[in-house]
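The values are calculated or read from the model by the stated rules, or taken from the named source; none is laboratory data. It should be emphasised that the depicted structure is a prediction, and the values quoted were computed from it without experimental measurement. Note that each Cβ is placed from the backbone with ideal geometry, even for glycine, and that neighbours are counted across all protein chains shown.
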Amino acid sequence: MSNIVAVVGRPNVGKSTFFNRMIQRREAIIDAESGVTRDRHYGKSEWNGKEFSLIDTGGYVENSDDVFQNEIDKQVHLAIEEADAIVFLVDVKDGLTAMDEDVAQLLRRSKKPVFLVVNKVDSSKNIQDAMEFYALGLGEYYNISAINGSGTGELLDDLVKALPEKTLKNDESLPKFTVVGRPNAGKSSFINALIGEKRYIVTDVAGTTRDAIDTHYNRFGFDFKLVDTAGIRRKAKVKENLEFYSVMRSVRAIESSDVCMLLVDAQRGFDGQVQNIFWLVQRNKKGIVILVNKWDLVEKETNSVKDFKAHILHKIEPFTDVPIVFISVVNKQRIFKAIETAVEVYQNRSKRIKTRKLNDVLLPVIQKFPPPAVKGKYVKIKFITQLPTHHPQFAFFCNLPQYIKDPYKRFLENKIRENFDFKGVPIDIYMRKK
Ligand code: GDP
Ligand code: GDP
């Protein structure tokens, strides 16, 4: 994961000119290779071997006169929250404005590194004029000319020095959660409720160069990546064949995730399409949490929850060990519970049971209920071990592995589930010759 540098400042100070200069070399290469038109406000840059992402917040501000301050403030707040460093651009030709002072006031409270950059210092005769920006109370500033590039080297030297070191571990070891479901189940609403509208914008932008929109998400004390499938669809503005498209997208998103949060519209129920997505998740051996959304729209009677659960369990037979949470995104009901459950499922999926413990628990059960004899031959299970794989797989070592049939394997799986928590996680059982 690379560092994010946000460029803030009022309109016309030269943000996009600066942005383009920063990302030019690198992005030109990428463009040529992929043939993809890059986002004009989000790009990657590199200096002294350190890579960072640059966001031109100006690109997301509506350019009409009356909304300015409010919109800029929002972007600055966003930058303070999301970015690792902030470049605050001002314009030497216009001089210090009230709007600059406003932005500076917000930035002074930020704990992130802020770089005050005086732009349009095209020649030495502007240097004197730049002094007035000391009044912003942000300390030293950098004189640059975004148009001719002067001064940018010095700024970049200091900028990359201020960026925190990001380790790979930070990114790749993060649990990946994917929100899947039929169109209109409430996926975008759910993600928005988690991330918040404004942050979502940055996310959306950051994802345009990739397949899935990933957000490094940290809330309620949990750290994970959220993969949004709804956002992609909207981005692509695909109107026709929505169902097909969303399934296609789901497949790819599911493949790259650890846990899938399957959103179900309570009013529509767990229909065939939802079933398909469920099977996709199972087939890919991913963790799953079923979230029954729009629960606010359901007339509650004594048995509503119980009945709905039964309805789902019937549809997903033979699976039973799947968490189901009833939520209302609109009322922000049990959203925390949903995340908490997904984290539990993630932990279950990465769980390793010690061989000793496994045998202590399972061998007595097997002794009591041994596999049925086949043609007069008795199968003897000698020991069990969990394999060192990404999702739980168990090997049962025995004399006649070929004689153990599916029903007994299911019995073994159930015994594992009864004794160890593997809720929401597929388990594989293998019989091995010993
Ligand atoms: P933004 O609205 O902050 O993104 O500003 P732009 O990058 O669109 O620039 C606004 C205007 O300032 C454009 O006409 C640019 O050509 C001009 N500009 C940007 N940087 C410089 C500079 O370093 N020197 C001069 N003289 N003009 C610049
Ligand atoms: P997506 O296609 O899965 O991303 O679904 P959206 O998030 O766009 O939601 C589809 C519609 O369902 C929107 O009109 C939402 O306002 C509505 N919706 C989402 N969650 C809830 C909920 O919990 N309760 C109610 N009543 N409506 C919801």
| Could we say that F326 is within 16 Å of ligand 2 (Cβ to nearest atom), at pLDDT 90 or above and among the aromatic types (F, W, Y) here? | yes
| request: Look through region 105-132, keep the residues that are in a helix (DSSP H, G or I) and within 15 Å of ligand 1 (Cβ to nearest atom), and return whichever of them is nearest to the chain's Cα centre (by Cα). | output: A130
| task | From the list I381, I416, I429, pick out the single residue that is more than 29 Å from V289 (Cα to Cα) and either among the acidic types (D, E) or crowded, with 19+ Cβ neighbours inside 10 Å (or both). | result | I381
| request: Give the residues of region 259-273 that are of a type outside the set (S, T, N, Q) and surrounded by fewer than 23 Cβ atoms within 10 Å (Cβ to Cβ), sorted by residue number. | output: D265, A266, R268, G269, F270, D271, G272
| request: Can you tell me which residue within region 274-299, out of those that are at pLDDT below 90 and of a type in the set (A, V, I, L, M), is surrounded by the fewest Cβ atoms within 10 Å (Cβ to Cβ)? | output: L280
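I'm trying to understand the selection: among the residues of region 298-319, which are in contact with an Asp or Glu (Cβ under 9 Å, 6 or more places away or on another chain) and within 16 Å of ligand 2 (Cβ to nearest atom)?
Those that are in contact with an Asp or Glu (Cβ under 9 Å, 6 or more places away or on another chain) and within 16 Å of ligand 2 (Cβ to nearest atom): none in region 298-319.
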| request: Could you please find all residues in region 390-413 being acidic (D, E) and within 20 Å of I288 (Cα to Cα)? | output: E413
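Considering each of D66, D31, D39 in turn, give the residue that is farther than 14 Å from L156 by Cβ, at pLDDT below 75 and assigned to a helix (DSSP H, G or I).
Testing whether each residue is farther than 14 Å from L156 by Cβ, at pLDDT below 75 and assigned to a helix (DSSP H, G or I) leaves just D31.
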| request: Could you please find all residues in region 78-113 being among the aliphatic types (A, V, I, L, M) and under 20 Å from S150 (Cα atoms)? | output: I86, V87, L89, V90, V92
| query | Inside region 133-168, can you point out the residues that are within 18 Å of W47 (Cα to Cα), free of Cβ contacts under 8 Å to residues at least 24 places away in the same chain and in a helix (DSSP H, G or I)? | reply | G153, E154, K161
| request: Enumerate the pairs (first residue in region 259-275 and in contact (Cβ under 8 Å) with a residue 60 or more places away in the chain; second residue anywhere and among the charged types (D, E, K, R) and loosely packed, with under 13 Cβ neighbours inside 10 Å) with beta-carbon separation below 7 Å, excluding pairs fewer than 6 apart on the same chain, so at least 6 apart or on different chains. | output: Q273/E243
| request: Would you check if T389 is surrounded by fewer than 12 Cβ atoms within 10 Å (Cβ to Cβ), of a type in the set (S, T, N, Q) and within 43 Å of the chain's Cα centre (by Cα)? | output: yes
| request: Would you point out the residue of region 282-327, among those that are touching a residue at least 60 places away in the same chain (Cβ under 8 Å) and in a strand (DSSP E or B), that is farthest from ligand 1 (Cβ to nearest atom)? | output: F326
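Can you go through I366, I339 and tell me which one is more than 37 Å from the chain's Cα centre (by Cα) and either at pLDDT 95 or above or within 20 Å of S257 (Cα to Cα) (or both)?
After ruling out the rest, the residue left standing is I366.
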